[in-house]
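Reviewing the structure listed below.
Only the coordinates and a few stated rules stand behind these numbers; no lab work does. Every value quoted in this text rests on a predicted model; they were computed, and no experiment measured them. Methodologically, a virtual Cβ is constructed for each residue, glycine included, from the backbone with ideal geometry; neighbour enumeration extends over all protein chains shown.
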Amino acid sequence: MSYDIRLAKLINGETVLGKWDEETKCLKDLAILQTVPTQQGVQMMLMPFGYPFETEIAGEVKGEHILYTYKTFPEELKNKYIEATSNLTISSARDLSALNKMAAGGKSPSGLILK
């Protein structure tokens, strides 16, 4: 099942990620995007919208409370959201190429050659 995952700015100024439901015109399963300053720049954290009182990503916001919807945003952010809502880990091409380096001499434990 494919989801229309959107990054949006709400009328209260918060930036959230959620699954857009065209039928109800709502953004569902909300996660709030927090930016945290670090010595290296800025780090982004995804947390449940109801944090600290709710620890699971849930809830919804009606479309009328959305001020702005970003047309593009990093694919990595979308992947982190999917991981947080589904308990699945999404591998990138870089992760898969690292498998080749981990196998001794380019061979997998079963003896297959990894390319």
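Key figures
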{"read-out": "Qualifying residue in the stretch 13-20 (condition: more than 18 Å from N79 (Cβ to Cβ) and of a type in the set (V, I, T))", "value": "no"}
{"read-out": "Failed condition for I11, given (1) in contact (Cβ under 8 Å) with a residue 60 or more places away in the chain; (2) of a type in the set (V, I, T); (3) more than 21 Å from E83 (Cα to Cα)", "value": "(1)"}
{"read-out": "Elements of type strands (runs of 3 or more DSSP E) contained in the stretch 1-85, each with 2 or more residues being crowded, with 17+ Cβ neighbours inside 10 Å", "value": "5-10, 15-21, 26-38, 41-48, 58-62"}
